Amino acid sequence: MNIIVSIKQVPDLVEELEIAASGKELNREWLKYKINEFDDHALEEALCLKETLGATVTVIALDGEDIDKVLFTAAAKEADKLVKVTGVGDNPSSHEAAKALAGVISGMPCDLILTGVQAADDRDGQLGVLLAHYLGVPHVSVVTGVSVAGNTATVHKEYGGGVIAEFEVSLPAVLGIQAARQTPRYVPVARVRQAMRAATIDEVGGNTGGVSAGTSISRMFKPESGAGAQMLEGAPADIAAKIVGIIREKGIKV
């Protein structure tokens, strides 16, 4: 069984984010990046399936700053093959990324393609859906459980309110992973350095095929600060009376 996992880097939201002078994107000069959280879960699910099924796991990513380190980290976690797609450009839309990835994946043996359900810098969160479209295979998103038997995958999909549905999907298929069956494994820096010496990254040229669909940003801005909270003090009865008074001031009937 061959499993392909698509991963990407996203800005580390712990860092202080600044808006570029254009007002339409982040200032990326000093940004720190990390693997997208949901992609990390997709990789973990693939590695778990490898351990139970004896599958081969290939990790694929679009070229970008420090993406080699992310790929070597995947190798340190026991991914078997690493592929970097070049020539796509900086910060492609989900449509462009899906088209480029599909063009490469279509020439690779695969039974299951896993992606993260979304990413912090996606505006539509549709990479998995679009990837399945371009590959012409089934897709299920918001997946929290995967098992495979023969040419069929049984997946658990989460809906609002914690409702879980079970689907049977014919392979090959694309799954958007929300949570792996276990916490993504940690690898020490020493093992990543070892992988850098031992593993190789295959570079393949990508093509967006003239995709022009997607969204555009008109303006970005930081949230505006409000007036702050009004703290009410006193006995419970006094506080209740003050709350009623405030509600009436707002014109709400009580």
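The values are calculated or read from the model by the stated rules, or taken from the named source; none is laboratory data. These figures come from a predicted structure and were not determined experimentally. Neighbour counts are summed over all protein chains in view; Cβ atoms, including those assigned to glycine, are modelled from backbone coordinates with ideal geometry.
List of remarks:
- Enumeration of residues in the range 197-225 that are farther than 30 Å from Val137 by Cα and surrounded by fewer than 16 Cβ atoms within 10 Å (Cβ to Cβ): Arg197, Ala198, Ile217, Ser218, Arg219, Met220, Phe221, Lys222, Pro223, Glu224, Ser225
- Residue list for the range 106-124, filter: crowded, with 17+ Cβ neighbours inside 10 Å and over 11 Å from Gln178 (Cα atoms): Cys110, Asp111, Leu112, Ile113, Asp122
- Those strands (runs of 3 or more DSSP E) lying entirely in the range 93-200 with at least 3 residues more than 23 Å from Asp66 (Cα to Cα): 139-149, 152-158, 164-170, 173-177
- Restricted to the range 226-238, and to residues there that are at pLDDT 85 or above and surrounded by fewer than 12 Cβ atoms within 10 Å (Cβ to Cβ), the residue that is nearest to the chain's Cα centre (by Cα) is Met231.
- Evaluation of Leu71 against (1) farther than 13 Å from Lys8 by Cα; (2) hydrophobic (A, V, I, L, M, F, W, C); (3) more than 13 Å from the chain's Cα centre (by Cα) (one fails), failing number: (1)
- Subset tally (residues that are more than 19 Å from the chain's Cα centre (by Cα) and loosely packed, with under 14 Cβ neighbours inside 10 Å) for the range 1-16: 1
- The residue that is nearest to Leu135 (Cα to Cα), counting only those in the range 21-42 that are assigned to a loop (DSSP other than H, G, I, E, B) and in contact (Cβ under 8 Å) with a residue 40 or more places away in the chain, is Asn36.
- Residue pairs whose Cβ atoms lie under 7 Å apart, sitting 6 or more positions apart in sequence or on different chains, and linking a residue in the range 51-66 that is farther than 30 Å from Pro11 by Cβ to a partner that is part of a loop (DSSP other than H, G, I, E, B), are Leu53/Met1; Ala55/Met1; Thr56/Asp80.
- The one condition from (1) outside any loop (DSSP other than H, G, I, E, B); (2) touching an Asp or Glu at 6+ places or on another chain (Cβ under 9 Å); (3) not charged (D, E, K, R) that Gly64 does not meet is (1).
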